[in-house]
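What follows is one structure encoded as structure tokens, with my remarks underneath.
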Amino acid sequence: MLIMFNQFINREKELQHLNSAHNSHRSEFIVVFGRRRIGKTELLRQFIKEKHAVYFLADERGDAANLSEFRILVADKLGNELLSQSTLDWLDTLKEAARTEQRLVIVIDEYPFLINGNKAIPSIFQKAWDLYLADSNVMLVLCGSSISMMERHVLGSKSPLYGRRTGQIKVEPLKFKHIGTFFPKFRIEELVKIYAITDGVPYYLKEARHRIKQISQLEILYSIESLLLEEAEVLLKYEFREPAKYFSILTAIAFGNTKFGDIVNYTGLSSSIVSQYLSNLSVLSIVEARYPVTEKTHRSRNARYYITDNYLTFWFRFVYPNKSLIYGDFKIPQFNSDFNRYVGMVFEKIAAEFLWQVRPVDFTKIGRWWHKGEEIDLVALNDASKEVLFIECKWKTLSMAESMRIIEKLKKKTGFVMWNKGERTEYYGLVAKKVEGKDALREKGFMVFDLDDFSFLQR
């Protein structure tokens, strides 16, 4: 599925969920949420095409203006001229909508703006649902970009609407395999670099496609002309009223301070504050705690914290500390070498996605492993069959001799992995930018891949 102008790519699963709800023989209340620029609005617009639907985009004009516009839209769709001229409140307007005999979809986009204008909105919608909509032919969709507001006022247990929804969709970034659709003339290596800055956020990819015609223009993406220069601040200020401490924590993580103690030391904040703020960031899916992939019981002392989004990681690693230089039209010091190391970390994420696609062994989970001073980039395992694949990722060109040294070193490190030790079937491999002598290494029984093998992801 591809509509290039609107960047509507690979939302089949979300559309299927929405269409299934639309085709059900009951009222439906679906919650759609996800960060700014992720493509929620375009998803909903695609969904309601050729359907009997009201699409209402709330804004910050205030309660009266929002209600008036919503009432007119409902009246127009129902063919009820008297309703458009009335002064009915939210509850009575929704009551009128519930009278529809034909299946009616009501989409309220940016629902949090309604709450900002009228704190009673969650209670009003709860009452409307319970009294009128729950037994109607209406499919109600509430959509929002402020994840904290959606969690608190729609999804959370303290919300009046809690327990009413019949389904929910969290709209996630696109996968790396979809990036080539935006840049059909770019090589895989170039796509990796773009993905390292934009992640799979459709709006950012659209911005990148508009601005860069060749990979040598990459610096344009964080120049003063680009919306990506300020977007991270807008995004976080949208969620947090006082973002300074959050910025400090995110900067710490972006610079590789992923252990709790290292974050505390880097920021100078107390342990209790860091703990609470990490929890808040985790709720919003901005930060996630990761654990060694072999660990069945997650122990807090083994946790490492990562920013979930490539764009935010890039922004806090390269843009935020250098904003004065960028505004002064100066170059970021040592950007090329530092960026190359950063891309190496992003490449691990891409490699994991690639391995899920090709499935060289029948694994059920994949992730990083660490213990004390030892680390392995990717470990793919199957608890039932006790098969395990150990992988090192290298964002560089490797000679056959270099590859063998890396694999031999990898074999030694696997001795520290206690998972089913002595009973497991082990495989070893590499994922790199380029591997010379790849076929010969495969003949030796190693699972070796490079960017030439990634081409199928871009079809």
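The values are calculated or read from the model by the stated rules, or taken from the named source; none is laboratory data. In this text, all values refer to a predicted model and were calculated from it rather than measured experimentally. Virtual Cβ from ideal backbone geometry, glycine too; neighbours counted across all protein chains shown.
Tabulated data for the structure shown
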item: Single residue of the range 202-225 satisfying the filter (of a type in the set (Asp, Glu) and closer than 24 Å to Lys349 by Cβ) that is surrounded by the most Cβ atoms within 10 Å (Cβ to Cβ); result: Glu207
item: Test: residue in the range 293-312 that is in contact with a helix residue (DSSP H, G or I) (Cβ under 8 Å, 6 or more places away or on another chain), over 26 Å from Glu392 (Cα atoms) and not assigned by TED's automatic domain parsing to the domain that holds Glu375; result: no
item: Candidate set from the range 411-451 (those that are touching a residue at least 60 places away in the same chain (Cβ under 8 Å) and of a type outside the set (Val, Ile, Thr)); member that is surrounded by the fewest Cβ atoms within 10 Å (Cβ to Cβ); result: Met418
item: Residue selected from the range 227-275 under the condition small (Gly, Ala, Ser) and in contact (Cβ under 8 Å) with a residue 60 or more places away in the chain, by the criterion nearest to Tyr306 (Cα to Cα); result: Ala254
item: Test result for Ala380, over 13 Å from Ala432 (Cα atoms) and surrounded by fewer than 17 Cβ atoms within 10 Å (Cβ to Cβ); result: no
item: Subset of the range 297-349 that is of a type in the set (Lys, Arg) and part of a helix (DSSP H, G or I) - its residue that is surrounded by the most Cβ atoms within 10 Å (Cβ to Cβ); result: Arg317
item: Filter result for Leu142 (outside any loop (DSSP other than H, G, I, E, B) and modelled with pLDDT of 95 or more); result: yes
item: Residues located in the range 275-296, provided they are assigned to a helix (DSSP H, G or I), touching a Phe, Trp or Tyr at 6+ places or on another chain (Cβ under 7 Å) and more than 24 Å from Leu174 (Cα to Cα); result: Tyr277, Leu278
item: Those residues of the range 94-115 which are assigned to a helix (DSSP H, G or I) and either surrounded by fewer than 18 Cβ atoms within 10 Å (Cβ to Cβ) or free of Cβ contacts under 8 Å to residues at least 24 places away in the same chain (or both), in sequence order; result: Lys95, Glu96
item: Top-ranked residue in the range 263-295 [being more than 28 Å from Met150 (Cβ to Cβ) and under 25 Å from the mean Cα position of the chain (by Cα); ranked as surrounded by the fewest Cβ atoms within 10 Å (Cβ to Cβ)]; result: Glu295
item: Candidates Phe316, Phe330 - the one that is modelled with pLDDT of 95 or more and under 20 Å from Glu219 (Cβ atoms); result: Phe316
item: In the range 27-39, residue nearest to Ser148 (Cα to Cα) [restricted to those that are modelled with pLDDT under 95 and among the charged types (D, E, K, R)]; result: Arg35
item: Strands (runs of 3 or more DSSP E) enclosed by the range 362-410 - at least 1 residues per element that are among the hydroxyl-bearing types (Ser, Thr, Tyr); result: 387-398
item: Criterion violated by Phe454 - all others in (1) within 28 Å of Gly373 (Cβ to Cβ); (2) touching a residue at least 60 places away in the same chain (Cβ under 8 Å); (3) in a helix (DSSP H, G or I) satisfied; result: (1)
item: Members of the range 387-410 that are among the charged types (D, E, K, R) and either touching a residue at least 40 places away in the same chain (Cβ under 8 Å) or more than 23 Å from Thr364 (Cβ to Cβ) (or both); result: Glu387, Lys394, Lys396, Glu402, Arg405, Glu408, Lys409
item: Failed item, numbered, when Asp199 is tested on (1) at negative phi; (2) surrounded by 15 or more Cβ atoms within 10 Å (Cβ to Cβ); result: (1)
item: Total residues in the range 61-90, condition part of a helix (DSSP H, G or I), more than 19 Å from Val107 (Cβ to Cβ) and either aliphatic (A, V, I, L, M) or not assigned by TED's automatic domain parsing to the domain that holds Ala128 (or both); result: 2
item: Candidate set from the range 41-84 (those that are of a type in the set (Phe, Trp, Tyr) and touching a Phe, Trp or Tyr at 6+ places or on another chain (Cβ under 8 Å)); member that is nearest to Ser146 (Cα to Cα); result: Phe56
